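Notes to accompany the following structure.
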Amino acid sequence: MGDVAFENLRQEMLAEIVTEAALTAGYTGRAAFAERVLRAIGALPRHEFVPVELQAHAYLNRPLPIGYEKTVSQPYIVALMTDLLDLDPGDVVLEIGTGAGYQAAILAALAKRVYSVDIIEELASGAERRLKRLGYGNVEIKVANGYYGWPEHAPYDKIMVTAAADLIPPPLFGQLKPGGRMVVPTGIPDKQALVLVEKSATGSLSTREILPVRFSELEDPGTIAGAA
């Protein structure tokens with residue numbers, strides 16, 4: 001499939017995201033996503049982040065498998081979570097759950113620096129190679145259990161979590177800057193919700209449920225980094 005065909009499919013995907021944003025505004029409070037978020041998604045070749053045999057389906061508004069029982073998230077959910085972070089160009093962002101690197105690439109297009117963690121070494125190394133090949137020099141990836149974040153580079157302006165835990169991991173609260181935002185799916189597998197966490201200038205936390213979701217689960221705190 002050629003570049004023109006992919007570009008047409010990408011524009012159709014963007015149109016679906018815009019439509020779904022309007023339809024879910026009652027949940028999210030956002031009838032439209034920021035133009036810069038949509039531009040970043042529209043410029044990113046999603047087909048580069050899925051297995052070759054799935055590239056023809058890369059611009060469907062649905063999650064797609066990337067191996068190791070993981071997926072690249074539904075484009076609408078990527079757009080929603082990115083929009084909720086309200087990124088500034090000078091932000092330093094922590095991402096939990098690198099996967100194929102698709103979300104990291106969008107964060108990198110909108111922020112100054114992205115630190116991304118994944119517990120599966122093969123996914124992390126694949127994402128690192130892919131992002132370098134596509135020219136994203138402001139992303140650093142580490143193989144580790146995302147429950148603990150990445151304390152060496154904390155605190156972060158924004159935190160994006162793309163795997164669900166029953167409760168928000170306490171280490172991530174501590175690594176979020178005062179005035180910062182975190183978007184995280186929480187809850188047991190059949191009752192997950194996307195949650196927006198805001199940390200005030202004085203360090204107090206507020207949370208708001210945005211939308212029911214279904215994400216793969218964050219590894220338990222005791223899991224060894226790099227274990228499948």
Handout entry: Top-ranked residue in region 204-219 [being modelled with pLDDT under 90 and not in a strand (DSSP E or B); ranked as surrounded by the most Cβ atoms within 10 Å (Cβ to Cβ)]
Key = Leu218
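Filter region 169-182 for residues that are surrounded by fewer than 19 Cβ atoms within 10 Å (Cβ to Cβ) and out of contact with any Gly (no Cβ under 6 Å at 6 or more places or on another chain); which is farthest from Val92 (Cα to Cα)?
Taking the candidates together, the pick is Pro170.
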Practice task
Could you check how many residues of region 133-149 are surrounded by 21 or more Cβ atoms within 10 Å (Cβ to Cβ) and within 20 Å of Thr82 (Cβ to Cβ)?
Solution key: 4
Practice task
List every residue pair whose Cβ atoms lie under 6 Å apart, where the two residues are 6 or more positions apart in sequence or sit on different chains, the first residue falls within region 21-47 and is over 16 Å from Leu134 (Cβ atoms) and in contact (Cβ under 8 Å) with a residue 24 or more places away in the chain, and the second residue, located anywhere, is aromatic (Phe, Trp, Tyr) and part of a loop (DSSP other than H, G, I, E, B).
Solution key: Ala21/Phe33
Handout entry: Of the criteria (1) under 20 Å from Glu209 (Cβ atoms); (2) touching a helix residue (DSSP H, G or I) at 6+ places or on another chain (Cβ under 8 Å); (3) surrounded by 13 or more Cβ atoms within 10 Å (Cβ to Cβ), which one Ala31 fails
Key = (3)
Practice task
Evaluate the following for Ser116: is it more than 17 Å from Tyr156 (Cβ to Cβ) and either surrounded by 22 or more Cβ atoms within 10 Å (Cβ to Cβ) or touching a Pro at 6+ places or on another chain (Cβ under 7 Å) (or both)?
Solution key: no
Completion exercise
Apart from one, (1) under 22 Å from Ile96 (Cβ atoms); (2) among the hydroxyl-bearing types (Ser, Thr, Tyr); (3) not in a strand (DSSP E or B) all hold for Tyr27; the odd one out is (1)
Practice task
Considering (1) out of contact with any Asp or Glu (no Cβ under 6 Å at 6 or more places or on another chain); (2) in a helix (DSSP H, G or I); (3) surrounded by fewer than 23 Cβ atoms within 10 Å (Cβ to Cβ), say which one Ile66 fails and leave the rest.
Solution key: (2)
Problem - Subset tally (residues that are surrounded by 13 or more Cβ atoms within 10 Å (Cβ to Cβ), hydrophobic (A, V, I, L, M, F, W, C) and touching a helix residue (DSSP H, G or I) at 6+ places or on another chain (Cβ under 7 Å)) for region 1-20 - result: 4
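The values are calculated or read from the model by the stated rules, or taken from the named source; none is laboratory data. As the structure is a computational prediction, the values presented were derived from the model and not from experiment. Here Cβ is always computed from backbone atoms with ideal geometry, including for glycine, and neighbour counts include all displayed protein chains.
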